[in-house]
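The values are calculated or read from the model by the stated rules, or taken from the named source; none is laboratory data. All figures in this text were calculated on a predicted structure; none of them were measured in a lab. Neighbour counts are summed over all protein chains in view; Cβ atoms, including those assigned to glycine, are modelled from backbone coordinates with ideal geometry.
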Amino acid sequence: MVCGRLTGRDWRLALPKAADIKMEQMAFHLTQINIGRLVAPTGDARLADFVAQLDPINKLADAAPRLVWRLQSSSGNATDVVYSDDPMVIANMSVWESLAALRDYTYASRHMQVFRDRAKWFEKMDKPHYCLWWVPAGHLPTVAEGKQRLEHYQAHGATEFAFWFPQSFPAPLDQETYA
């Protein structure tokens, strides 16, 4: 996928004209990862509400105008994507055009209700279970990359390498300043 959801010739038409950008600058997108340790296996009745909301919430994300990519397996969600040796830990990752785009989806959409109910389905974690970072446009992060960024955030707090909304960093100006 190039330039978000645009395909075919459409993506070329959406690119800025060379005169409108400095050639040394690159476009960057914001990546997020959040993990959680489930209170039970996904087939357990205690997770029925969570599982029932996966498809509608994923469709909401897919319809978000500035979503670039989200982690998913052939099942259409990421509950079966391996994050660690612990099969109860699941990961959610996505790439957005901007910090504002992710904030709007997370806190100003129907997603917020699912977010509020998190404690019903996930154990409380001792360390931060989320982080953000910038990636060059067109780069699709791996789970291993997300894990590395999250572990850095857990150990060092907010830095240009990994951060969260209240202590965010602006997108890099070019490849040389990319963390």
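The number of residues in the range 50-78 being polar (S, T, N, Q) and under 14 Å from the mean Cα position of the chain (by Cα) comes to 3. The helices (runs of 4 or more DSSP H) found entirely in the range 97-179 that carry 3 or more residues being in contact (Cβ under 8 Å) with a residue 24 or more places away in the chain are 99-107, 118-121, 143-156. Quick check on the range 91-105. Is at least one of its residues at pLDDT below 95, among the acidic types (D, E) and surrounded by 13 or more Cβ atoms within 10 Å (Cβ to Cβ)? Checked against the condition, which is being at pLDDT below 95, among the acidic types (D, E) and surrounded by 13 or more Cβ atoms within 10 Å (Cβ to Cβ), the range 91-105 yields at least one hit. Among the residues of the range 106-145, those that are farther than 24 Å from F50 by Cα and crowded, with 17+ Cβ neighbours inside 10 Å comprise W133, W134, V135, P141. Mind checking whether some residue in the range 75-84 is at pLDDT 95 or above and of a type in the set (S, T, N, Q)? Yes, some residue in the range 75-84 is at pLDDT 95 or above and of a type in the set (S, T, N, Q).
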